[in-house]
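These notes are about the structure you will find just below.
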Amino acid sequence: MLEKINEKVSANLVYDAQKGAVYPSQILWQGKTFAITKIGYHHLTREGRNTKHIFSVSDSSLFFKLALDTENLNWTLEEVSDGT
Amino acid sequence: MELDLNHNEPTIMHLDLNSCFASIEQQANPLLRGKPIVVAAYTTPNGCILAPSIEAKKEGIKVGMRVRDAQFLYPKVVVLAPDPPKYRNVHLRLRRLLNEYSPNVVPKSIDEAVIDFSGTTALKRGLVDTGLEIKRRIKSEIGEWLLCNIGISTNRLLAKLAASLHKPNGLDVITANNLIETYQKTKLTDFCGINIRYEARLNASGIFTPIDFLNASLQTLQKQVFKSINGYNWYLRLRGWEVDAIDFGRKSYGHSYALPRPSDDEIELSKLLMKLCEKMGRRLRQAGYFTQGIHISTLYNDGTHWHKAMRLNRPIFSTPDLFSKAETVLNFQPQIKKISNLTVSCYSLMKCSVDQLEIFDSGENRKKKLTQAVDNINDKYGEYVITPALMLGLGDKIIDRVAFGGVKELEEW
């Protein structure tokens with residue numbers, strides 16, 4: 001079941017200089033910490049000149065669609081799904 | 001005229017991402033991998049399925065089915081709405097990857113591309129090796145869940161046919177050496193461009209299989225079956241000669257909307273028409289065109305349809321002008337009936353650079369500057385920051401979609 005959330009969340013971002021990869025490693029949502037174990041896809045979207053990085057990620061049981069707004073560096077949890 | 005098969009080395013590759021939208025969703029969400037899922041235009045029971053995953057196809061679910069039919073076949077099927085920005089991102093990354101092998105990459109749709117390797121070093125290496133490397137790189141650089149079919153041949157028709165032989169994840173080559181053998185295993189409708197109507201036409205001339213098609217004389221194809229240059233083109237295509245290396249330019253812009261509830265309400269239809277014109281106008285202006293023709297097409301809830309085109313006596317570009325002309329055309333409807341699908345398009349395009357100067361200022365220049373200023377604001381702050389007042393309250397109606405077929409929009413990026 002996929003649910004639209006659109007809530008601000010706290011996130012840890014990792015930059016791996018050797019691989020040149022950037023990804024969120026964990027998020028804090030509704031007082032609970034979720035460790036990201038898999039990065040499914042990363043792409044960009046544009047609203048006018050503002051760019052958002054969309055990270056499609058998951059832990060062992062939930063999928064999260066996270067958006068990093070490059071204008072204010074805020075993280076938004078856009079969607080959550082349990083894959084059913 | 002008797003023409004031999006093309007014995008040249010294959011230089012054309014056709015690449016087709018398998019179950020594109022569904023596979024991209026499974027790539028993004030690892031919890032969906034290995035499960036029957038579908039991407040549908042709408043997730044409601046009447047929504048049309050745009051892409052079933054490979055697993056869903058195994059359950060009998062096909063493109064074009066309704067969501068309710070898919071749920072009947074497999075009750076636990078996961079139904080998702082499309083996410084066009086994600087699909088376009090995959091398309092652009094794929095195109096960048098393919099451009100490393102050849103400068104001549106032509107996208108045929110969001111999930112298909114034709115690569116002409118003529119004069120490239122990949123030919124020296126062999127296209128089979130190159131194809132296998134492209135498959136590996138798609139997995140490692142774009143997404144490990146993405147599979148593609150690759151077909152290699154001497155022309156576009158046969159490369160596409162080769163790409164359809166072993167789905168999913170196949171790689172096939174058709175040359176003069178295995179052409180007959182391949183034709184023996186295929187049907188007429190396996191050829192791109194031969195649908196059931198053309199099949200019936202071929203049948204009427206005694207052509208029932210691809211082998212019959214190949215053996216048909218040029219005269220039969222040209223004078224009896226196709227009655228046009230198409231007969232000659234098919235005669236060449238079937239023998240592996242290229243006739244389809246043509247780049248079709250942009251001819252029109254258009255948008256359509258399927259109304260959730262058919263309507264004949266003038267105000268509702270005007271609002272929808274305005275939004276369709278605004279979307280069309282934005283694309284028209286972004287590509288630097290004016291238009292000299294407006295076309296409206298409607299589908300009614302009784303299954304009938306109507307359409308009308310109007311040639312304009314001067315080129316237009318602004319949304320209010322497009323809307324005004326579109327509404328004029330819509331008012332030509334012979335009967336007021338409930339519309340279930342409304343389409344507006346503009347044709348007869350001309351580049352802005354050939355703008356006609358006027359002796360007396362009719363206000364066109366001011367209109368152009370105002371339109372440009374509004375477009376600039378929307379470019380900077382996002383779509384519909386400034387909109388015509390008629391569009392107020394439309395919200396998310398007429399959302400972003402990926403068009404079937406060509407991806408001219410992305411070619412213009």
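Bear in mind these aren't lab numbers, they're just calculated from the coordinates by the rules spelled out. Keep in mind that this is a model prediction, so the values were computed, not measured. A quick note on method: Cβ atoms are made from the backbone with ideal geometry, for glycine too, and the neighbour counts reach across all protein chains shown.
Using the per-residue mean of other Cβ atoms lying within 10 Å as a proxy for protection, in what order, highest first, do the peptides B:287-299, B:223-235 fall? Spell out each step's value before the answer.
Values: B:287-299: 19.9, B:223-235: 16.5.
The packing order, highest mean first, is B:287-299, B:223-235.
Using the alpha carbons alone, the radius of gyration of the range B:24-163 stands to its Kirkwood radius in an Rg to Rh ratio of 1.03. Per residue, the convex hull spanned by the alpha carbons of the range B:1-44 comes to 186 Å³.
Based on a Kirkwood Rh over C-alpha pairs, give the Stokes-Einstein translational diffusion coefficient of the range B:178-247 at 37 °C and viscosity 0.692 mPa s in µm²/s.
Working: Rh = 12.2 Å.
The estimated diffusion coefficient comes to 269 µm²/s.
Rounded to whole Å, give me the distance from the Cα center of the range B:280-359 to that of the range B:1-36. The distance from the Cα centre of the range B:280-359 to that of the range B:1-36 comes to 36 Å. Computed over the alpha carbons of the range B:106-245, Rg followed by Dmax gives 16.4, 51 Å. The orientation-averaged projection of the convex hull spanning the C-alpha atoms of the range B:191-310 amounts to 11.3 square nanometres.
The eigenvalues of the Cα gyration tensor, multiplied by 5 and square-rooted, give the range B:244-361 an equivalent ellipsoid with semi-axes of 27, 17, 12 Å from largest to smallest.
Step by step: find N for the protein assembly as shown, compute 2.2 N^0.38 Å, then divide the Cα radius of gyration by it. What's the final number?
Working: Rg = 25.3 Å, N = 497, 2.2 N^0.38 = 23.3 Å.
With N residues counted in the protein assembly as shown, Rg over 2.2 N^0.38 Å equals 1.09.
Other protein chain C-beta atoms within 10 Å of residue C-beta, averaged over A:41-54: 5. Each of B:TYR101, A:TYR23, B:TYR381 was scored by other Cβ atoms within 10 Å of its Cβ. Arranged with the fewest first, they read B:TYR381, A:TYR23, B:TYR101.
Taking every pair of alpha-carbon atoms in the range B:126-181, give the share separated by more than 16 Å as a whole percent.
Working: 661 of 1540 pairs.
That tail contains 43 percent of the Cα-Cα pairs.
Put simply, the amide H of A:GLN26, placed in the peptide plane, has neighbours under 5 Å in A:ASN12, A:ILE36, leaving out anything fewer than 5 places away on its chain.
Expressed to the nearest 5 percent, the antiparallel share of DSSP beta bridges inside chain B is 90 percent. Let me test this: with uniform point scatterers at the alpha carbons of chain A, what is the Debye-based log₁₀ I(q)/I(0) at q = 0.19 1/Å? The computed values of log10 I(q)/I(0) come out as -0.83.
By other beta-carbon atoms within 10 Å, ranking B:GLU25, B:GLU133 with the fewest at the front produces B:GLU133, B:GLU25.
Within 10 Å of each residue's Cβ, count the other Cβ atoms and sort B:GLU278, B:GLU2, B:GLU9, B:GLU268 from fewest upward. Could you put the intermediate results ahead of the total?
On the way: B:GLU278 25, B:GLU2 5, B:GLU9 12, B:GLU268 15.
Ordered by Cβ neighbours within 10 Å, fewest first: B:GLU2, B:GLU9, B:GLU268, B:GLU278.
Each 10 Å bin from zero holds the following percent of Cα-Cα pairs in chain B: 4, 18, 24, 26, 20, 7, 1, 0.
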